[in-house]
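Structure first, then comments.
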Amino acid sequence: MSEVIKTKVLVVGGGPGGYVAAIRCGQLGLDTVLVEGDQLGGTCLIRGCIPSKAMIHAASEFSSMVEIARKPQFGISLTSPPELDLAGTVAWKDSIVNRLNTGVGALLKRAKVKVIEGWGRFSDAKTCQVETSDGTVTIQSEHVILATGSAPVELPVLPMGGKVISSAEALSLAELPRKLVVVGAGYIGLELGIAYAKLGSDVTVVESTDRILPLYDKQLVEPVRQWLEKHGVKLHLNACAKGERDDGLAVELDDGNEVVLPADNILVTVGRKPLTEGWGMENMVLEMDGRFVKVDEQCATSTKNVWAIGDLVGEPMLAHKASAQGEVVAEIIAGKKRRFDPVAIPAVCFTEPEIVSVGVDAGAPNTTTGVFPMAANGRALSMNAGDSGGFVRVVAHSGTHRILGVQAVGAHISELTAAFTTAIEMGATVGDIESIIQAHPTMGEMFQEASLKVLGHAIHA
């Protein structure tokens, strides 16, 4: 069966950028079709952000019970260690994914967005053929929003398959790996590596540079490095993966010697690349910016009425950036005056402990900083989270005291991200934060105290 559909807006990709764009288009009364070749929600919902955080939470709960069984804490003891049912953990994770996936479908339906399941390929900039289970559907659209997302980078020496896995497979393993080798010490590798260490795997991390989490400054990373050392996660820095061996992974160490690291699984997490192949981009005459599609401040491409958002258009490759761009584009198509010009885009690393970074880093010209330690916060101490080396750091303009950046590391610190980002976006000064009455005891008090440090009169430090 062959069908032709004409529509105002065609969205390709049902991830956090695409489905948000489609929903907003529908809310604005635009006739909209969304094409998705896999599952609604994209990588973030199906095999990334959401399932990984579920596994991280489950791993933390299990690890806490193991520790209490080993040594009573808070007056709580366990007579025997907990038992891990990995299949049950994966099933619980999947239930969350399925619930959210169903929710996205319902939201699209409510917005009157037509969803077509199948793989699309463009024959020209405004015409897309979709192979569905019922045959080919040809879609002709006035506007096209490209939200194709990204895919894991593969290493030529470590092709995927067998014991070599990506982050997607790592979230659905049938058995807990006795020995897990992680290639790449970025946020994905360390988030999952730490989770599996908590579940009981013997974890080794191989990184080609001289430090873990190279996108974050050393002060932020240090508490994570200490956690890895304390919990027996082995690090090989300045090391190069050479290929799979029968017993594990061959690695060239920084001294030039080659060793084989035993591994039941080898998790490759060396970055992601925009998904630019397989859907006919070559037929759309789009200007590129390196490996990314080039867009302007409105997310417009070089081809009229073709828009691109999310991982396809560059760093940071984050779900919330894609969603924000999707809303902007939908409103532009509807005739509203919008552009994508955030002051700051927050980044969160769900390691142990967590890391948050928003805006300008410490050490930027004409800035001053204030740092408040987690160990001096009553709420953190009452949650047994005060001894990780965590802190909140405020970076402000030296003259105006306007807040330009906030970085933090510590347990549960990700929940303060909204406060940090809001302050920067609204142009708040440290004086503005000083004047806010914070609830006590809460971790938000650390933001205020760090702001007071900038002014030279923190109360509790």
Subset of segment 247-261, residues surrounded by 14 or more Cβ atoms within 10 Å (Cβ to Cβ) and either in contact with a Gly (Cβ under 7 Å, 6 or more places away or on another chain) or outside any strand (DSSP E or B) (or both), comes to A250, L253, V260, L261
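Could you please let me know if L267 is in contact with a helix residue (DSSP H, G or I) (Cβ under 6 Å, 6 or more places away or on another chain) and either in the same structural domain as A308 (by TED's automatic domain parsing) or surrounded by 19 or more Cβ atoms within 10 Å (Cβ to Cβ) (or both)?
Details: in contact with a helix residue (DSSP H, G or I) (Cβ under 6 Å, 6 or more places away or on another chain): yes; either in the same structural domain as A308 (by TED's automatic domain parsing) or surrounded by 19 or more Cβ atoms within 10 Å (Cβ to Cβ) (or both): yes.
The answer is yes for L267.
Among the listed residues G405, G389, identify the single one that is closer than 16 Å to F372 by Cα, touching a Ser or Thr at 6+ places or on another chain (Cβ under 9 Å) and either among the small types (G, A, S) or not assigned by TED's automatic domain parsing to the domain that holds T367 (or both).
Numbers: G389 fails: touching a Ser or Thr at 6+ places or on another chain (Cβ under 9 Å).
Residue meeting the stated conditions: G405.
Among the residues of segment 428-446, which ones are more than 16 Å from N377 (Cα to Cα) and out of contact with any strand residue (DSSP E or B) (no Cβ under 6 Å at 6 or more places or on another chain)? Spell out how you get there, then give the answer.
To start, the set of residues in segment 428-446 that are more than 16 Å from N377 (Cα to Cα) comprises 428-436.
Residues satisfying the conditions are G431, D432, I433, E434, S435, I436.
Before we move on, is G88 of a type outside the set (S, T, N, Q) and at pLDDT 95 or above? Full working, then the answer.
Values: of a type outside the set (S, T, N, Q): yes; at pLDDT 95 or above: yes.
Yes: the conditions hold for G88.
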Test: E449 is out of contact with any strand residue (DSSP E or B) (no Cβ under 7 Å at 6 or more places or on another chain) and farther than 18 Å from P223 by Cα: no
Filtered residues of segment 10-40 (kept if closer than 12 Å to K114 by Cβ and either at pLDDT below 95 or among the aliphatic types (A, V, I, L, M) (or both)): L10, V11, A22, L30, V33, L34, V35
In segment 116-138, what residues are polar (S, T, N, Q), closer than 15 Å to K6 by Cβ and surrounded by 16 or more Cβ atoms within 10 Å (Cβ to Cβ)? T127, Q129
Show me the strands (runs of 3 or more DSSP E) entirely contained within segment 84-169 in which 1 or more residues are under 24 Å from G314 (Cβ atoms). 119-124, 127-132, 135-146, 150-152
Among (1) within 23 Å of T148 (Cα to Cα); (2) in contact with a Leu (Cβ under 6 Å, 6 or more places away or on another chain), which single condition is G18 missing? (2)
Test L286 against the stated conditions and say whether it is in a strand (DSSP E or B), at pLDDT 95 or above, surrounded by fewer than 21 Cβ atoms within 10 Å (Cβ to Cβ) and not assigned by TED's automatic domain parsing to the domain that holds I355. no
Determine whether segment 357-370 contains at least one residue that is part of a strand (DSSP E or B) and hydrophobic (A, V, I, L, M, F, W, C). yes
From the option list E175, E244, E222, E207, single residue qualifying as in contact (Cβ under 8 Å) with a residue 24 or more places away in the chain, over 18 Å from the mean Cα position of the chain (by Cα) and surrounded by 22 or more Cβ atoms within 10 Å (Cβ to Cβ) is E207
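If the requirement is being among the hydroxyl-bearing types (S, T, Y), surrounded by 18 or more Cβ atoms within 10 Å (Cβ to Cβ) and over 20 Å from V343 (Cα atoms), which of these qualifies: S435, S382, S388?
Working: S435 fails: surrounded by 18 or more Cβ atoms within 10 Å (Cβ to Cβ); S382 fails: surrounded by 18 or more Cβ atoms within 10 Å (Cβ to Cβ).
Checking each option against the conditions leaves just S388.
For residues that are assigned to a loop (DSSP other than H, G, I, E, B) and closer than 18 Å to G456 by Cβ, tally how many sit in segment 383-427.
4
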F62 vs. criteria over 30 Å from R24 (Cα atoms) and in contact with a helix residue (DSSP H, G or I) (Cβ under 7 Å, 6 or more places away or on another chain): yes
Candidate set: segment 294-339, residues that are part of a helix (DSSP H, G or I) and among the acidic types (D, E); chosen: the one surrounded by the most Cβ atoms within 10 Å (Cβ to Cβ): D311
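The values are calculated or read from the model by the stated rules, or taken from the named source; none is laboratory data. This structure is a prediction, so every number in the text was calculated from the model and none was measured. Here Cβ is always computed from backbone atoms with ideal geometry, including for glycine, and neighbour counts include all displayed protein chains.
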